[in-house]
């Protein structure tokens with residue numbers, strides 16, 4: 001197991017270093033595609049191994065069922081993002097948005113980003129986890145600023161400034177948590193997650209509650225929870241579309257993972273009432289704030305970015321309810337959202353390249369210009385809004401069911417009302433873009449089969465996930481939910 005984890009960490013770095021000095025675009029593409037496939041395969045092997053041994057723990061590494069849920073997300077999105085990048089970046093060079101000299105840097109940063117996300121999920125020390133989360137910020141900020149134009153640099157600067165403030169607060173919270181550990185006589189295994197979990201009932205509740213506030217604000221900023229979400233629409237809209245898919249589907253989930261790892265310890269000290277109340281409040285606020293921006297949005301990538309804020313709110317509500325069913329639904333929603341949202345960002349990448357704009361009013365008649373892309377786009381929007389029988393409907397249905405099972409009638413009704421508002425905004429924009437008249441300048445477009453393959457893989461998962469959930473995945477989610485609620 002140690003060798004598998006080491007390979008998953010080292011391989012992206014090696015592929016990135018091999019890519020940097022390359023000048024032939026074909027060599028760069030094939031190297032990164034093979035490297036991405038190998039990395040995803042190794043991560044899947046780690047997940048399979050965890051189902052056999054349940055937990056792997058060493059001095060610095062720790063992997064369990066909760067890690068496996070997020071590793072699955074990273075494995076899927078790393079491969080689809082790299083596959084989609086091949087035709088996408090080739091066209092960016094042809095259109096003059098990027099130069100051939102920029103391509104090695106793009107793939108090297110993409111591999112560095114993958115390394116940072118995997119690191120978050122496999123370290124067993126909360127201090128090292130903080131370092132890994134900060135690493136994801138540095139790698140992804142350079143990808144957000146990839147084009148080095150005014151808008152991209154402004155978005156990257158905003159991203160770095162807001163997330164750095166947030167992550168500094170998370171560091172302060174982690175330091176306070178360590179102070180609580182030292183006071184309890186646990187100096188020997190500083191910030192070791194497993195050890196902290198074992199002694200959580202001996203920590204000082206007042207100190208730990210203070211640590212929780214800083215940790216929640218810090219990692220909540222990185223996860224895109226309102227009102228700390230303000231970096232997210234700019235960063236997601238300016239990054240290359242494959243990177244936007246990774247940011248929305250994988251990065252936000254990794255930040256949430258770091259938050260949940262800390263909460264598992266904190267709830268052992270101060271109980272769950274305060275934690276659940278705060279998470280429910282932030283979850284509802286995130287959905288509420290996303291609605292007006294979805295309804296009046298003019299930029300299609302920002303539209304999807306605000307949808308991500310809404311979905312992070314849904315996940316926060318699941319953890320805020322705190323029952324086994326709610327946590328199971330929240331973890332399933334992490335996977336479902338990652339699959340659907342990444343595919344939508346890839347589709348929007350194709351659409352914006354063909355129409356040469358991200359402005360919703362200027363994108364019309366997709367069904368006539370690119371019928372296959374239009375079909376996939378409609379399926380993706382239906383999925384992300386929780387329309388049956390697609391995958392997100394299942395996790396949303398389970399989550400609403402968990403609210404009513406927990407006798408949270410008002411919360412369940414409010415959540416349904418808010419979700420209807422998001423559905424109306426997304427579907428309204430989708431129908432306008434897809435079925436309106438085609439602009440005179442537009443002609444039938446030829447979309448790369450490689451790009452359609454990357455998106456088609458996610459579309460298949462959306463459809464199958466709404467009809468059938470493999471026992472293998474369900475078992476991982478069940479046991480991960482038990483870890484979160486203290487089992």
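Structure values in brief
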| quantity | calculated |
| --- | --- |
| Any hit, the stretch 64-82, residues being more than 25 Å from residue 341 (Cα to Cα) and modelled with pLDDT of 90 or more | yes |
| Residue under evaluation residue 305, criteria (1) buried (at least 24 other Cβ atoms within 10 Å of the Cβ); (2) over 17 Å from residue 232 (Cα atoms), criterion not met | (2) |
| The listed residue being surrounded by fewer than 19 Cβ atoms within 10 Å (Cβ to Cβ) and within 23 Å of residue 249 (Cβ to Cβ), out of 293, 319, 274 | 293 |
| Which listed residue is on the phi > 0 side of the Ramachandran plot and either part of a helix (DSSP H, G or I) or at pLDDT below 90 (or both), from 166, 220, 185 | 185 |
| Qualifying residue in the stretch 351-374 (condition: assigned to a helix (DSSP H, G or I), in contact (Cβ under 8 Å) with a residue 24 or more places away in the chain and touching a strand residue (DSSP E or B) at 6+ places or on another chain (Cβ under 8 Å)) | yes |
| Qualifying residue in the stretch 191-213 (condition: surrounded by fewer than 15 Cβ atoms within 10 Å (Cβ to Cβ) and not in a helix (DSSP H, G or I)) | no |
| Selected residue (criterion: surrounded by the most Cβ atoms within 10 Å (Cβ to Cβ)) from residues of the stretch 395-417 that are touching a helix residue (DSSP H, G or I) at 6+ places or on another chain (Cβ under 6 Å), in contact (Cβ under 8 Å) with a residue 12 or more places away in the chain and part of a helix (DSSP H, G or I) | 395 |
| Exclusive hit being on the phi < 0 side of the Ramachandran plot and under 22 Å from the mean Cα position of the chain (by Cα), set 55, 73, 34 | 73 |
| Residue among 420, 460 that alone is under 22 Å from the mean Cα position of the chain (by Cα), surrounded by fewer than 16 Cβ atoms within 10 Å (Cβ to Cβ), over 15 Å from residue 332 (Cα atoms) and free of Cβ contacts under 8 Å to residues at least 60 places away in the same chain | 460 |
| Qualifying residues in the stretch 76-102 (those that are buried (at least 24 other Cβ atoms within 10 Å of the Cβ) and under 30 Å from residue 481 (Cα atoms)) - the one nearest to the chain's Cα centre (by Cα) | 77 |
| Failed criterion for residue 345 (all others in (1) closer than 21 Å to residue 256 by Cβ; (2) in contact (Cβ under 8 Å) with a residue 60 or more places away in the chain; (3) part of a loop (DSSP other than H, G, I, E, B) hold) | (3) |
| Residues of the stretch 465-487 classified as exposed (fewer than 15 other Cβ atoms within 10 Å of the Cβ), touching a residue at least 12 places away in the same chain (Cβ under 8 Å) and over 25 Å from residue 197 (Cα atoms), total | 2 |
| Any chance residue 306 is at pLDDT 95 or above, in a helix (DSSP H, G or I) and in contact with a helix residue (DSSP H, G or I) (Cβ under 7 Å, 6 or more places away or on another chain) | no |
| Filtered residues of the stretch 101-127 (kept if touching a helix residue (DSSP H, G or I) at 6+ places or on another chain (Cβ under 6 Å) and either in a loop (DSSP other than H, G, I, E, B) or without any contact (Cβ under 8 Å) to a residue 12 or more places away in the chain (or both)) | 124 |
| Residue within the stretch 442-451 that is closer than 26 Å to residue 73 by Cβ and under 22 Å from the mean Cα position of the chain (by Cα) present | yes |
| Boolean, residue 286 is buried (at least 24 other Cβ atoms within 10 Å of the Cβ) and either modelled with pLDDT under 95 or within 20 Å of residue 393 (Cα to Cα) (or both) | yes |
| Check on residue 435, out of contact with any strand residue (DSSP E or B) (no Cβ under 9 Å at 6 or more places or on another chain), touching a residue at least 24 places away in the same chain (Cβ under 8 Å) and more than 27 Å from residue 69 (Cα to Cα) | yes |
| Among the residues listed as 59, 52, the single one being part of a loop (DSSP other than H, G, I, E, B) and exposed (fewer than 15 other Cβ atoms within 10 Å of the Cβ) | 59 |
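The values are calculated or read from the model by the stated rules, or taken from the named source; none is laboratory data. Quick caveat: nothing in here was measured; it's all calculated off a predicted structure. Glycine gets a Cβ as well: all are built from the backbone with ideal geometry, and neighbour counts include every protein chain shown.
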